[in-house]
Amino acid sequence: MSDRLVLLGSKGGPALRPGGPWPSSSLLQIGERTNVVDCGLGVTRGLVDAGISLKALDLIFITHLHSDHILELGPLIHTAWTAGLATPVTVYGPLGTQDYWRHFYQAMAFDIGIRIVDEGRPDIRELVSIKEFGEGAILEEEGLTVAALRVDHPPVTDCFALRFGHGGRSVVFSADTAFFPPLAEFARGADILVHEAMLEEGVERLVARTGNGARLREHLFASHSLAEDAGRIASNAGVRRLVLNHLIPADDPAISEADWVAAVRKSWAGDLTIARDGLVVQLSGAKAARGEETA
């Protein structure tokens, strides 16, 4: 298994629009481990399309409890279970993740119970472990290390950037955050920094279309990063590649990839990827296939 990052869902926010991208989820395969980072709507379909056997579901990480990052966590695990999952899955998430899983199980108790009896499936509760984390080291296993940094995403207090490391390679996910200078040290020297990004010129059209007006606008500017700010973090961290993800707006026909590039080039001159659903970034140094990039 070659080390790779697959951007399964690239848009910020939970809304879906015809032909548009899916909300936040990523696949990171590194050191023979399969890591799912966030579970926005569409994550299950995205994993299948990326060639992942749901029976091999392994590690899942949730950065925070906004719906565009956790809505499909339960359905992903349940679908994997109905596909034949029989090995343990560990979910790492902030405080409240255990409550989410408990309530999902309760909502699906009839279906789960009858499948155990009628189809001979293992008890899904015995397969899933929920581990709630705070800031600091959260996993060290089989050469894989994962650490968390609390970032600035008001009014959500428990929102965490994640750093994955294995065999000298490292990938950092910013999670949702306003411009947060300490993130640069956390991401120091990473092969890839996956950082959320917003384009100011698209925000007015977004809030007009969504209908929340001043309140939504206030939230976006208080708790998310402009593309130029993401570039500043990448430059200060000295990363090898910056991937702009969780794009706001991601489905505005008046905004092209060139607009994102122009904004981030004000502060970042290095290797750059603008996310789109299904895009693959190889970590192995192998020649990239069509539609893939390397870091």
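Just so it is clear, none of the values below were taken in a lab; they were calculated from the coordinates. Note that the structure is a prediction, hence the values are computed from the model and not measured. Quick reminder, even Gly has a Cβ in these numbers, built from the backbone with ideal geometry, and neighbours come from all protein chains shown.
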key: Reduced Cα scattering model of region 4-282, Debye log10 I(q)/I(0), q = 0.15, 0.16 Å⁻¹   = -1.10, -1.24
request  = Between the alpha-carbon centers of region 1-48 and region 145-170, tell me the distance in whole angstrom.
outcome  = 17
ask   = If you count, for each residue, the other Cβ atoms within 10 Å and average over each peptide, how do 78-84, 153-159, 109-115 line up from highest to lowest?
value = 78-84, 153-159, 109-115
key: Highest-fluctuation residue, Leu28, Leu283, Leu95 considered, GNM on the chain with Cα pairs under 10 Å   = Leu95
key: DSSP-defined beta bridges in the chain - what % are antiparallel, rounded to 5   = 50
Region 1-47: proportion of alpha-carbon pairs further apart than 14 angstrom, % = 46
ask   = Quick one: Cα centre-to-centre distance for region 251-268 and region 58-127, in angstrom?
value = 37
inquiry  = Starting from 0.36 nm per residue, how many nanometres of slack lie between His103 and Glu135 once their C-alpha separation is accounted for?
reply    = 9.0 nm
task = Treating cross-link reach as a plain straight distance, find the aspartates and glutamates whose alpha-carbon is under 16 Å from the alpha-carbon of Lys131, omitting any fewer than eight places away in the same chain.
result = Asp38, Asp58, Asp99, Glu140, Glu141, Asp158
request  = Once you have all Cα-Cα distances for region 136-222, histogram them in 10 Å bins from zero and send the whole-percent values.
outcome  = 16, 39, 26, 14, 4
note = Highest mean packing first, using Cβ neighbours within 10 angstrom, the peptides 254-265, 30-41 sort as 30-41, 254-265
ask   = Taking Cα atoms of region 37-174, Rg/Rh with Kirkwood Rh, to two decimals?
value = 0.98
query = Taking the chain as a Gaussian network, Cα atoms linked when under 10 Å apart, which of Pro94, Pro253, Pro23 shows the biggest mean-square fluctuation?
reply = Pro253
